[in-house]
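Chemist: This structure is in C-alpha cells; I'll ask about it shortly.
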Amino acid sequence: MINQKRSHHCGVLGKDMAGQHVILCGWVSKRRDHGGLIFIDLRDRSGIVQIVVDPDTAGSSFKTAEDIRNEYVIKVSGNVRLRDAETVNANIATGMIEVMADEIEVLNSAKTPPFYIQDNIDTDENLRLKYRYLDLRRPEMQRNLILRHKVTKLMRDYLDSRDFLEIETPMLTKSTPEGARDYLVPSRVNPGKFYALPQSPQIFKQLLMVAGMERYFQIARCFRDEDLRADRQPEFTQLDMEMSFMEVDEILELMEGLIAYIFEGALGKKIQVPFQRLTWDEAMDRYGSDKPDLRFGMELINMVDAVKGSDFKVFNTIIENGGIVKAINVKGYAAIPRRELDGLVDFVGIYGAKGLAWMQIQEDGSVKSPIAKFFSEAHLANILKTAAAEPGDLLLFVADKPAVVAQALGALRIEMAKRRNLIDHDALAFTWVVDFPMFEYDEEEKRYVAMHHPFTAPRDEDLPLLATDPGKVYAKAYDMVLNGTEIGGGSIRIHRRDVQKQVFSAIGLTDEQAAEKFGFMMNAFEYGAPPHGGLAFGLDRLIMIMAQRDSIRDVIAFPKTQSAACLMTQAPNDVDEKQLRELHIKTSLLMKKENK
C-alpha cells in the first residue's frame with residue numbers, strides 16, 4: 001500500500017519536474033503490454049500522463065500492472081523522467097515526460113464500460129445519458145463543465161466588482177400561469193393547494209428593487225413545463241440580474257462589459273464593444289428573425305415595388321391583399337440542381353409558405369425561371385437591380401403575409417448559408433435587438449398577450465396607446481443575440497401601479513384577476529418602487545456556444561431527454577400510494593388502474 005497522499009495531478013507534470021518523485025491517482029485510460037514493459041495512460045481531471053512499469057524497478061507491482069484493465073482506479077508512486085526524443089507525444093500536454101513506477105496500488109476495479117471513455121465517440125446519446133457518470137469522465141465533457149465553472153466564477157467576480165449583491169429567491173412560490181406551464185408541487189400541510197417551481201425569479205427580483213437592494217444577481221435554477229428542443233430543458237440555469245435607477249443604454253453597456261470579461265477570462269478571446277443594435281422591426285425586415293445570425297449577409301430584399309404591375313397574378317393578388325414579396329440572393333448558385341430547388345419548395349412549406357419562386361441568372365445575364373415569362377424586360381431589369389443580382393446568382397422569392405414571409409424566408413436564409421458554407425463557425429457576431437412590440441395577438445385566445453412578460457415597461461411615447469391600440473405599443477425591451485441564438489433578454493420594468501394596471505387590462509386581466517395573481521406586487525408599487533430594469537442570460541445556451549457544441553445537454557451535468565426524462569435515475573417515476581394519500585392526491589391514472 002502506498003501510504004503517501006497524492007502529490008500532483010496527472011496533467012500538470014512537465015519537463016521541469018524531471019527527477020522528482022510523485023504520487024498520482026486516477027483512472028486507467030489505456031494499458032499496453034510490450035512484453036518486458038507495461039505502459040499505462042493514467043487519466044484524471046487535469047489530463048493524461050504515461051506511466052512506465054518496468055519489472056526491474058516496480059518489483060511486485062509489475063504483477064499488479066499485468067492484471068490492470070481500462071477504467072481501474074489506481075494510485076502510482078514513481079519518478080518523472082524525460083522521454084527519448086523519438087518517443088515524445090506532441091498530442092498531449094505531458095508528452096515530453098513519463099513516470100517510472102516503483103509502486104502501484106489498485107484502489108478499485110471496473111467493469112468494461114458500455115462505450116469508450118474518450119473524445120469524439122460515435123455512440124447513441126441515450127446510452128450516454130443512461131451512463132452519464134461514465135460519459136462525464138470523457139475529457140471533452142469534463143472540459144465543458146470546467147468551462148461552465150470558469151464562466152460562473154467570472155460572472156460573480158464581474159458583478160461583485162460592480163456592487164451587485166447575490167441574493168437567493170424562493171424555489172417554492174405562487175403559480176401565476178401567464179406564459180409557459182408551471183411545474184406544480186402539492187402542499188402536504190395545506191391540503192388541495194400547490195406551490196409552483198419558478199419559471200424565473202422575475203417578481204422577486206423586482207420586489208428586491210422595491211426593498212432598496214439596488215443591484216441584484218443570482219445564478220438561478222428555473223423550471224418550465226414545455227415541449228423540449230436541443231436548446232431547451234425542463235430545468236435550466238440563468239444569470240438573473242436587476243438594477244435600480246438605470247436606463248436602457250446603461251444596462252446594455254454594463255452587459256457588454258460582462259460578456260467581454262467572460263470571453264476573455266474563459267476563452268482568451270477579445271470581444272469588440274459596443275455591440276451592433278437593431279430594432280425589432282429592422283431585424284424582422286432584414287433577416288426575418290428577431291435573433292438574426294449576422295455571421296453572413298444574404299439579407300431579405302423587399303421586392304414589392306420591383307414586381308408590382310407585372311402579369312404575374314400570384315404576386316399581384318398577394319400584394320393587393322396586404323401581403324408582401326421578398327427574396328434572398330444566393331450568390332453564385334444559379335447552377336443549383338432542379339431536384340434541390342424542388343426540395344426548397346417543401347422546406348418553406350414547413351414554415352407556412354404556400355410556394356417558392358426562383359430566378360437563375362445565367363452567365364449571359366438572361367433569366368431562367370418558370371415565372372420569367374410574366375415579367376417584361378423592364379420588370380426583370382428592375383428585379384435584378386433591386387436584388388443586386390449578377391450572372392451566376394440565384395434569387396429565391398416568397399410571397400405571403402408578412403409574418404409568413406419573415407418566418408419562411410428567414411429560415412431559408414439560414415439553410416442556404418449552411419449549404420453554401422457561408423458560416424464562419426469561429427466567428428462571434430453579437431447584436432442587440434431592441435424596441436420589441438409590447439404585445440402580440442393570440443388568435444386562439446382572441447386577446448393580446450405580452451411578447452416578453454407583463455412587467456415590461458412600454459416606451460414613454462407609447463403610453464397613451466395602451467388603452468386605445470395595444471398592438472402599436474413598443475416596449476423598452478432588449479435581447480442579446482449571438483450567432484443567431486438569443487443568449488439573454490430583459491427590459492426596463494413597470495414601477496408604477498397605474499401603468500401596471502393598464503398593461504394587465506390590455507392582456508385581458510380583470511382587476512379581480514390581477515389582484516388575485518399579482519396583488520402583492522401591485523401593493524409593493526405603492527411604497528416607493530424605484531425605476532428599475534434587468535436582464536437574464538441563459539447560462540446553458542451561452543456555455544453551449546462558447547464550447548462550440550450543438551446541444552445544451554453537452555454542457556449540463558445531468559440533463560433530461562426531449563421527453564423530460566432522466567435515463568440514468570429513471571425519473572419521473574411512480575410514487576408510493578401512501579405518499580399520494582399524505583398529499584391528498586388521487587390521480588386519474590391510478591383510478592383507471594383500480595377500475596381494471
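The values are calculated or read from the model by the stated rules, or taken from the named source; none is laboratory data. No experiment lies behind these values; they were computed from the predicted model shown. FYI the Cβ positions are ideal-geometry reconstructions off the backbone, even for glycines, and counts take in every protein chain you see. Calculation scope for accessible area: heavy atoms of the full protein, side chains included, ligands and nucleic acids excluded. Shrake-Rupley method; radii C 1.70, N 1.55, O 1.52, S 1.80 Å.
Chemist: Pairs only if they're at least six apart or on different chains, beta carbon under 8 angstrom, first in region 212-223 and at negative phi, second open to solvent by 40 Å² or more (accessible area, probe 1.4 Å) and of a type in the set (F, W, Y); list them, first residue then second.
Modeler: Note: pairs meeting the criteria are F223/Y183.
Chemist: In region 187-260, which strands (runs of 3 or more DSSP E) lie fully inside it and hold 3 or more residues that are touching an Asp or Glu at 6+ places or on another chain (Cβ under 7 Å)?
Modeler: 215-223, 235-244
Chemist: Continuing with the same structure: Enumerate the pairs (first residue in region 499-519 and farther than 15 Å from A467 by Cβ; second residue anywhere and of a type in the set (V, I, T) and surrounded by 13 or more Cβ atoms within 10 Å (Cβ to Cβ)) with beta-carbon separation below 9 Å, excluding pairs fewer than 6 apart on the same chain, so at least 6 apart or on different chains.
Modeler: K517/T176; F518/T176; F518/I203
Chemist: A follow-up question, please. Conditions first: (1) out of contact with any Phe, Trp or Tyr (no Cβ under 8 Å at 6 or more places or on another chain); (2) surrounded by 12 or more Cβ atoms within 10 Å (Cβ to Cβ); (3) modelled with pLDDT of 90 or more; (4) not polar (S, T, N, Q). D574 passes all but one, so which condition is the exception?
Modeler: Condition (2) is where D574 drops out.
Chemist: How many residues, within region 302-312, are open to solvent by 30 Å² or more (accessible area, probe 1.4 Å) and modelled with pLDDT under 95?
Modeler: Final tally of qualifying residues: 3.
Chemist: Is there any pair linking a residue in region 567-596 that is over 29 Å from K130 (Cβ atoms) and among the hydrophobic types (A, V, I, L, M, F, W, C) to one that is open to solvent by less than 80 Å² (accessible area, probe 1.4 Å) and at pLDDT 75 or above, with Cβ under 6 Å and at least six apart or on different chains, and which?
Modeler: Pairs found: L583/P186; I585/P186.
Chemist: Yes or no: region 410-427 includes at least one residue that is under 22 Å from M522 (Cα atoms) and open to solvent by 40 Å² or more (accessible area, probe 1.4 Å).
Modeler: Within region 410-427, not a single residue is under 22 Å from M522 (Cα atoms) and open to solvent by 40 Å² or more (accessible area, probe 1.4 Å).
Chemist: Let me ask another. I'd like to know if region 277-294 contains one or more residues that are among the aliphatic types (A, V, I, L, M), open to solvent by less than 20 Å² (accessible area, probe 1.4 Å), in contact (Cβ under 8 Å) with a residue 24 or more places away in the chain and part of a helix (DSSP H, G or I).
Modeler: yes
Chemist: For a quick check of your reading of the model, give me the residue pairs whose first member lies in region 180-194 and is free of Cβ contacts under 8 Å to residues at least 40 places away in the same chain, whose second is polar (S, T, N, Q), with beta-carbon atoms closer than 7 Å and at least 6 apart or on different chains.
Modeler: L184/S175; K193/S187; F194/S175; F194/S187
Chemist: Answer with yes or no whether I318 is touching a residue at least 40 places away in the same chain (Cβ under 8 Å), open to solvent by 30 Å² or more (accessible area, probe 1.4 Å), of a type in the set (V, I, T) and closer than 30 Å to I487 by Cβ.
Modeler: Spelling it out, it is not the case that I318 is touching a residue at least 40 places away in the same chain (Cβ under 8 Å), open to solvent by 30 Å² or more (accessible area, probe 1.4 Å), of a type in the set (V, I, T) and closer than 30 Å to I487 by Cβ.
Chemist: For region 458-478, which positions are open to solvent by 10 Å² or more (accessible area, probe 1.4 Å) and either in contact (Cβ under 8 Å) with a residue 60 or more places away in the chain or of a type in the set (F, W, Y) (or both)?
Modeler: Matches in region 458-478: Y474, K476.
Chemist: Just to be sure I understand, how many residues within region 480-509 are outside any strand (DSSP E or B) and touching an Asp or Glu at 6+ places or on another chain (Cβ under 9 Å)?
Modeler: Within region 480-509, the subset outside any strand (DSSP E or B) is 483-484, 494-509.
Filter once more, so that each one left must be touching an Asp or Glu at 6+ places or on another chain (Cβ under 9 Å): 483-484, 497, 501, 504-505, 507-509.
The total comes to 9.
Chemist: Now for a different question. Looking at region 533-553, which of its residues are open to solvent by 20 Å² or more (accessible area, probe 1.4 Å), charged (D, E, K, R) and not in a loop (DSSP other than H, G, I, E, B)?
Modeler: Scanning region 533-553 gives R541, R553.
Chemist: Quick one: which of R188, R148 is basic (K, R), under 23 Å from E235 (Cβ atoms) and touching a His at 6+ places or on another chain (Cβ under 9 Å)?
Modeler: Of the residues listed, the single one that is basic (K, R), under 23 Å from E235 (Cβ atoms) and touching a His at 6+ places or on another chain (Cβ under 9 Å) is R188.
Chemist: Being out of contact with any Gly (no Cβ under 9 Å at 6 or more places or on another chain) and either under 30 Å from F296 (Cα atoms) or loosely packed, with under 12 Cβ neighbours inside 10 Å (or both) is the filter here, so list the residues in region 447-457 that pass it.
Modeler: Residue satisfying the conditions is M451 alone.
Chemist: For region 1-49, which positions are among the β-branched types (V, I, T) and either without any contact (Cβ under 8 Å) to a residue 24 or more places away in the chain or open to solvent by 80 Å² or more (accessible area, probe 1.4 Å) (or both)?
Modeler: V12
Chemist: I'd like the full set of residues that are in contact with a Gly (Cβ under 8 Å, 6 or more places away or on another chain) and either touching a residue at least 40 places away in the same chain (Cβ under 8 Å) or of a type in the set (K, R) (or both), limited to region 53-75.
Modeler: Of everything in region 53-75, those that are in contact with a Gly (Cβ under 8 Å, 6 or more places away or on another chain) and either touching a residue at least 40 places away in the same chain (Cβ under 8 Å) or of a type in the set (K, R) (or both) turn out to be D54, V73, I74.
Chemist: Now a separate question. Could you grab me the full set of residues in region 126-174 that are more than 24 Å from the chain's Cα centre (by Cα), surrounded by fewer than 16 Cβ atoms within 10 Å (Cβ to Cβ) and of a type in the set (S, T, N, Q)?
Modeler: Selection gives S161 alone.
Chemist: Further, regarding this structure: Tell me the residue from T94, T112 that is open to solvent by 30 Å² or more (accessible area, probe 1.4 Å), of a type in the set (V, I, T) and either free of Cβ contacts under 8 Å to residues at least 40 places away in the same chain or not in a strand (DSSP E or B) (or both), please.
Modeler: T112
Chemist: Within the group I251, I262, I203, I219, which residue is crowded, with 18+ Cβ neighbours inside 10 Å and more than 15 Å from G490 (Cα to Cα)?
Modeler: Residue meeting the stated conditions: I262.
Chemist: Further, regarding this structure: Restricting to region 440-479, give me the number of residues that are part of a helix (DSSP H, G or I) and at positive phi.
Modeler: Residues in region 440-479 being part of a helix (DSSP H, G or I) and at positive phi: 0 in total.
Chemist: Would it be correct to say that S491 is of a type in the set (S, T, N, Q) and either surrounded by fewer than 18 Cβ atoms within 10 Å (Cβ to Cβ) or free of Cβ contacts under 8 Å to residues at least 40 places away in the same chain (or both)? I'd like the intermediate steps shown before the answer.
Modeler: Values: of a type in the set (S, T, N, Q): yes; either surrounded by fewer than 18 Cβ atoms within 10 Å (Cβ to Cβ) or free of Cβ contacts under 8 Å to residues at least 40 places away in the same chain (or both): no.
In short, no.
Chemist: If the requirement is being of a type in the set (S, T, Y) and within 20 Å of the chain's Cα centre (by Cα), which of these qualifies: Y478, Y448?
Modeler: Y478
Chemist: Working only within region 383-399, note down all residues that are open to solvent by less than 10 Å² (accessible area, probe 1.4 Å) and either more than 10 Å from I361 (Cβ to Cβ) or of a type in the set (A, V, I, L, M, F, W, C) (or both).
Modeler: Residues satisfying the conditions are I383, A387, L394, L395, L396, F397, V398.
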